[in-house]
Amino acid sequence: MQTKLNIVIAAEFELAEKIADLLEQSELPVEKIIVAEIYPFGEEQGLRFNNRAVEQQNIEELDWSDKQYLFFAGETKHAGYLAQAADSGCVVIDLNGVCAALQDVPLIVPGFNDPLLSELRNRNIVSLADPQISQLLLTCGEILLGGEINRLLVSSMLPASYVNSEQVKTLAGQTARLLNGIPLDEGEVRLAFDAAPFKRHSSERLLQQFQKILPNSDIQLVIHQLQSAVFYGLAQQVTALSDYQTDVEQWQAVWQANELLVWHEAQIVTPVINGEQYQEQDQLHISDVQALENGIQFWSVCDEQRFSLALLGVKLAETAYLQGY
């Protein structure tokens, strides 16, 4: 087991900054962090780690022989770099699930199916589940393993940050223009002050991830993806149904036992409230819990960039390190 780790981050600046911050708080013995530029940073954008500036390098010029971990948040077009790092012995944390569909690459929701990490050495790659699937399984997974729930209905309200930082800038620009009475350009896709079906990624990809993580499940899962006019924070309305009466207190006990979750009995936590009041907590918030006939309904919210990608990605790396990878 390495006593000092050299870690590479390949991500947009906003996510890379969150990963670096959480690595500084983690238990990993990090010696050095390097940014691999797959998305160029702005002139004034630079990371710091342990009060030192983080070096930025062209990913094509990186020597992977002395690097132990790569936090990869690229796209399919960048997969060649991911493969090069893995082939050199570097453990790749695939944050965007580029390799999630590959049979011999483990797909992990940290804290839920960690034992499958043993498959990491097949390719030196482990994929993190999509934020929608991670959020769903962290709130429901343990109960689902009990076998009583057979239907899940999920509505995901997706923020601009779920797409990329450019989408956040577009939403901000549209919001400012419309507030000042300036109409959008003809043919411009409207994001501000509106909602629409989310078409960038299909729900089928999410269903495949769910089935890969729970391969023997007969649960009928329906996911509705909705584009919201929110900058940050993924919200899910979840309805879980059974053929039998559901014990709501059992759900609450499971939530309270998981340090990653916070159940709010009175307050309804929205993406905006999460950003304003709970930004420093790095947890997934559950509220508005309602008992149904043979079921339960609840609302969950988290910062999908900091919690679902950065925090869970770092936890995945911690688990891999402790297991000797």
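The values are calculated or read from the model by the stated rules, or taken from the named source; none is laboratory data. Bear in mind the structure is a predicted one, so any value in this text is a computation, not a measurement. Don't worry about glycine lacking a Cβ; one is built from the backbone with ideal geometry, like all the others, and counts go over all protein chains shown.
Considering only region 46-72, state which residues are in a loop (DSSP other than H, G, I, E, B), more than 24 Å from L128 (Cβ to Cβ) and in contact (Cβ under 8 Å) with a residue 12 or more places away in the chain.
If the condition is that a residue be in a loop (DSSP other than H, G, I, E, B), more than 24 Å from L128 (Cβ to Cβ) and in contact (Cβ under 8 Å) with a residue 12 or more places away in the chain, then N50 is the only one that fits.
Quick check on region 129-139. Is at least one of its residues crowded, with 22+ Cβ neighbours inside 10 Å and free of Cβ contacts under 8 Å to residues at least 60 places away in the same chain?
Quick first cut of region 129-139, residues crowded, with 22+ Cβ neighbours inside 10 Å only: 129-136, 138-139.
When the remaining residues are screened for being free of Cβ contacts under 8 Å to residues at least 60 places away in the same chain, the result is none.
Looking through region 129-139, none of the residues is crowded, with 22+ Cβ neighbours inside 10 Å and free of Cβ contacts under 8 Å to residues at least 60 places away in the same chain.
Just need a number here: residues in region 1-26 that are more than 20 Å from the chain's Cα centre (by Cα) and surrounded by fewer than 16 Cβ atoms within 10 Å (Cβ to Cβ).
At the first step, the residues of region 1-26 found to be more than 20 Å from the chain's Cα centre (by Cα) are 1-6.
From what's left, surrounded by fewer than 16 Cβ atoms within 10 Å (Cβ to Cβ): 1-4.
Qualifying residue count for the region: 4.
Find all pairs meeting these conditions: Cβ atoms under 8 angstrom apart; at least six residues apart or on different chains; first residue within region 30-43 and touching a residue at least 12 places away in the same chain (Cβ under 8 Å) and in a strand (DSSP E or B); second residue polar (S, T, N, Q) and surrounded by fewer than 14 Cβ atoms within 10 Å (Cβ to Cβ).
Once the first residue is touching a residue at least 12 places away in the same chain (Cβ under 8 Å) and in a strand (DSSP E or B) and sits in region 30-43, its partners that are polar (S, T, N, Q) and surrounded by fewer than 14 Cβ atoms within 10 Å (Cβ to Cβ) give I34/Q57; V35/Q57; A36/Q57; A36/N58; E37/Q57; E37/N58.
Among what's in region 162-187 and is of a type outside the set (D, E) and exposed (fewer than 13 other Cβ atoms within 10 Å of the Cβ), pick the residue that is nearest to A235 (Cα to Cα).
K169
Scan region 188-206 residue by residue and report those that are part of a helix (DSSP H, G or I) and surrounded by 11 or more Cβ atoms within 10 Å (Cβ to Cβ).
Answer for region 188-206, where residues must be part of a helix (DSSP H, G or I) and surrounded by 11 or more Cβ atoms within 10 Å (Cβ to Cβ): S203, R205, L206.
Kindly check whether there is at least one residue in region 207-229 that is touching a helix residue (DSSP H, G or I) at 6+ places or on another chain (Cβ under 7 Å), surrounded by fewer than 17 Cβ atoms within 10 Å (Cβ to Cβ) and of a type outside the set (S, T, N, Q).
Yes, that holds for at least one residue.
Considering every residue within region 98-110, establish whether at least one is part of a strand (DSSP E or B), in the same structural domain as R123 (by TED's automatic domain parsing) and over 26 Å from L144 (Cα atoms).
No: region 98-110 contains no residue that is part of a strand (DSSP E or B), in the same structural domain as R123 (by TED's automatic domain parsing) and over 26 Å from L144 (Cα atoms).
For region 38-82, which positions are of a type in the set (A, V, I, L, M) and either in contact with a Ser or Thr (Cβ under 7 Å, 6 or more places away or on another chain) or loosely packed, with under 15 Cβ neighbours inside 10 Å (or both)?
Across region 38-82, the qualifying residues are A53, A79.
Here is a check on your reading of the model: is Q57 farther than 21 Å from S127 by Cα and under 22 Å from the mean Cα position of the chain (by Cα)?
No: the conditions fail for Q57.
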